[in-house]
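Asks: Provided herewith is a single structure, encoded as structure tokens, for subsequent inquiry.
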């Protein structure tokens, strides 16, 4: 499903962020990327969404080398990948409903589909009664659940979560992780970047440990947080 | 397509309402810009009216020798009328000229006395010629000099008032061209000010644009609502400008008429109300959309 082949990212003049990284993630997997800040987890995520390009190496998604995707086709590519961030990245001047609806509008969904799907997904993440609230009227946990709802509205094959619990308390963090596990059970490949030991150990799936832009350990099953 | 357009306009309108503080700022600046534009329009109208009234006061006359027959004069008049640059040619016969002269100097006993001493009519018949603008008088005078009855022409008044006519011509040309330069410069300043205001408004939403890109919005999906929002700024700004401008015209129109009787500024703007509103709204909306589109371009690089 996702292959990183000899990936290198060097910020000029000589700041090596990713150093000859090779990794394969299979369809339907739940992978936790762990490592200290600066290990290269977020850079890897950004390359997958084409926010950043590698200095060398290849990224293959669903058999396609994403380096071949042209600028005008990037929006279409991004619609197949759901993303969740530590800082939520919600549109502050749009309501809960509009934040999710926007993601559908940009993919030219019909009005009927938007009106049917948006309330449905918001009630799945537990925000069914907050459709008209603006992001600043939501708690941290609610904001992250809204971000997950938005990420899922396209029914993406891949969900990338970059430190999704970084700004949340323990209880809300577990809620978010439960939601991610549920999404994974329904067939979506989930890549979670985190440095939260507790969370990783609770999940107990594949754990890839990174350090200084390299993979130092890859535990395929029942992984634990090791760096 | 229609649905997308509907969403774009609806989203633009929602953003416009929600960004009320910035919207008010942008609309105020754009309103002032448009008031400036309307003022320039008034200035153009005033200068053209002044030039027109000056030009109306200028004409040239060709005086014929006393033994010239009316047929010969009429022939010249017809040929003059056939010229594209000639607006009117008025014939003043010798008798008419004498009558006019007597009337003009009815109070002057010496002139009346002198006239009675002279046998016959000493005055010449003449043609008063008006052209479209003062620069054309030279070519009309030239035409009369080369005409086949040129030996019939005694005197052409152009050569006496040539300097004055040329000065008026030069003045009207420079008023026109400086007016145009001033309009263009102020127009450019206005566009830059508007553009910068809209740019600041959009700069505030830099992060929002970044997020839209991340959820897979194409450039058009991001740009559309901002263009609509810019259009709304323009629409409200132009209505605001009209609401400011017309009362001002109402107040100053009388004062201008007192100064230059032939000029009716209020009449000019009320007669063309529909056109002025349409033009201002069109210009405002265009200004808003163009400013938005330039301002947002920077943020759309993927």
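Asks: Residue A:116 - would you say it is surrounded by fewer than 16 Cβ atoms within 10 Å (Cβ to Cβ), at pLDDT 90 or above and more than 22 Å from residue A:2 (Cβ to Cβ)?
Replies: Values: surrounded by fewer than 16 Cβ atoms within 10 Å (Cβ to Cβ): yes; at pLDDT 90 or above: yes; more than 22 Å from residue A:2 (Cβ to Cβ): yes.
So residue A:116 fits the description; yes.
Asks: Does at least one position in region A:145-154 carry a residue that is part of a helix (DSSP H, G or I), surrounded by fewer than 20 Cβ atoms within 10 Å (Cβ to Cβ) and away from chain B (no Cβ under 14 Å)?
Replies: Looking for residues that are part of a helix (DSSP H, G or I), surrounded by fewer than 20 Cβ atoms within 10 Å (Cβ to Cβ) and away from chain B (no Cβ under 14 Å), one finds none in region A:145-154, hence no.
Asks: While we're here: Among the residues of region B:177-214, which ones are buried (at least 16 other Cβ atoms within 10 Å of the Cβ), more than 30 Å from residue B:39 (Cα to Cα) and modelled with pLDDT under 80?
Replies: Of everything in region B:177-214, just one residue is buried (at least 16 other Cβ atoms within 10 Å of the Cβ), more than 30 Å from residue B:39 (Cα to Cα) and modelled with pLDDT under 80, namely B:205.
Asks: Restricting attention to region A:187-204, which residues are closer than 21 Å to residue A:152 by Cα and touching a strand residue (DSSP E or B) at 6+ places or on another chain (Cβ under 7 Å)?
Replies: A:188, A:189, A:190, A:191, A:192, A:193, A:194, A:203 - these are the residues of region A:187-204 that are closer than 21 Å to residue A:152 by Cα and touching a strand residue (DSSP E or B) at 6+ places or on another chain (Cβ under 7 Å).
Asks: Continuing with the same structure: Does residue A:65 satisfy the condition of being at pLDDT below 90 and more than 9 Å from chain B (Cβ to nearest Cβ)?
Replies: Values: at pLDDT below 90: no; more than 9 Å from chain B (Cβ to nearest Cβ): yes.
No; evaluated as a whole, the condition is false for this residue.
Asks: Still on this model: Take region A:47-69 and flag every residue that is out of contact with any strand residue (DSSP E or B) (no Cβ under 7 Å at 6 or more places or on another chain) and under 15 Å from residue B:216 (Cβ atoms).
Replies: Residues satisfying the conditions are A:50, A:51, A:69.
Asks: From the list A:127, A:122, which one is away from every other protein chain (no Cβ under 14 Å), surrounded by 13 or more Cβ atoms within 10 Å (Cβ to Cβ) and not in a helix (DSSP H, G or I)? Write out each step before concluding.
Replies: On the way: A:122 fails: not in a helix (DSSP H, G or I).
Among A:127, A:122, only A:127 is away from every other protein chain (no Cβ under 14 Å), surrounded by 13 or more Cβ atoms within 10 Å (Cβ to Cβ) and not in a helix (DSSP H, G or I).
Asks: State yes or no: is residue B:215 free of Cβ contacts under 8 Å to residues at least 60 places away in the same chain, out of contact with any strand residue (DSSP E or B) (no Cβ under 6 Å at 6 or more places or on another chain) and within 14 Å of another protein chain (Cβ to nearest Cβ)?
Replies: It is true that residue B:215 is free of Cβ contacts under 8 Å to residues at least 60 places away in the same chain, out of contact with any strand residue (DSSP E or B) (no Cβ under 6 Å at 6 or more places or on another chain) and within 14 Å of another protein chain (Cβ to nearest Cβ).
Asks: Name the residues in region B:227-276 that are without any contact (Cβ under 8 Å) to a residue 12 or more places away in the chain and either assigned to a loop (DSSP other than H, G, I, E, B) or not assigned by TED's automatic domain parsing to the domain that holds residue B:43 (or both), would you?
Replies: B:261, B:264, B:272
Asks: With the requirement that a residue be modelled with pLDDT of 90 or more and either within 7 Å of chain B (Cβ to nearest Cβ) or within 21 Å of the chain's Cα centre (by Cα) (or both), what does region A:92-113 give you?
Replies: Passing the criteria: A:96, A:97, A:98, A:99, A:100, A:101.
Asks: Could I ask something else about it? One residue is enough: does region A:3-18 have a residue meeting the conditions modelled with pLDDT under 90 and within 14 Å of chain B (Cβ to nearest Cβ)?
Replies: no
Asks: When you check residue B:50 against the structure, is it surrounded by 15 or more Cβ atoms within 10 Å (Cβ to Cβ), more than 14 Å from chain A (Cβ to nearest Cβ) and either in contact (Cβ under 8 Å) with a residue 24 or more places away in the chain or touching a helix residue (DSSP H, G or I) at 6+ places or on another chain (Cβ under 9 Å) (or both), yes or no?
Replies: When the stated conditions are applied, residue B:50 passes them.
Asks: Then there is this: I want to confirm something. Restricting to region B:1-17 and keeping residues that are modelled with pLDDT of 80 or more and surrounded by fewer than 16 Cβ atoms within 10 Å (Cβ to Cβ), which single residue is nearest to the chain's Cα centre (by Cα)?
Replies: If we take residues in region B:1-17 being modelled with pLDDT of 80 or more and surrounded by fewer than 16 Cβ atoms within 10 Å (Cβ to Cβ), then B:13 is nearest to the chain's Cα centre (by Cα).
Asks: Any idea which of (1) under 20 Å from residue B:52 (Cβ atoms); (2) surrounded by 14 or more Cβ atoms within 10 Å (Cβ to Cβ) is the one residue B:284 doesn't satisfy?
Replies: Every listed condition holds for residue B:284 apart from (1).
Asks: Related question: Could you tell me whether region A:72-79 includes any residue that is more than 10 Å from every other protein chain (Cβ to nearest Cβ) and either in contact (Cβ under 8 Å) with a residue 12 or more places away in the chain or more than 23 Å from residue A:214 (Cα to Cα) (or both)?
Replies: Taking every residue of region A:72-79 in turn, none turns out to be more than 10 Å from every other protein chain (Cβ to nearest Cβ) and either in contact (Cβ under 8 Å) with a residue 12 or more places away in the chain or more than 23 Å from residue A:214 (Cα to Cα) (or both).
Asks: Kindly list, by first and then second residue, each pair from a residue in region B:1-22 that is more than 9 Å from chain A (Cβ to nearest Cβ) and at negative phi to a residue that is part of a helix (DSSP H, G or I) and at pLDDT below 80, limited to pairs with Cβ atoms under 7 Å and residues at least 6 apart or on different chains.
Replies: Short answer, once both residue conditions are applied: B:22/B:201.
Asks: Of the numbered conditions (1) touching a strand residue (DSSP E or B) at 6+ places or on another chain (Cβ under 9 Å); (2) surrounded by 18 or more Cβ atoms within 10 Å (Cβ to Cβ), residue B:30 fails exactly one; give the number of that condition.
Replies: For residue B:30, the exception is condition (1).
Asks: Between A:157, A:178, which is more than 14 Å from chain B (Cβ to nearest Cβ) and surrounded by fewer than 23 Cβ atoms within 10 Å (Cβ to Cβ)?
Replies: Criteria check complete, one pass: A:178.
The values are calculated or read from the model by the stated rules, or taken from the named source; none is laboratory data. Source: prediction; values computed, not measured. Note that we place each Cβ from the backbone using ideal geometry, even for glycine, and neighbour counts take in every protein chain shown.
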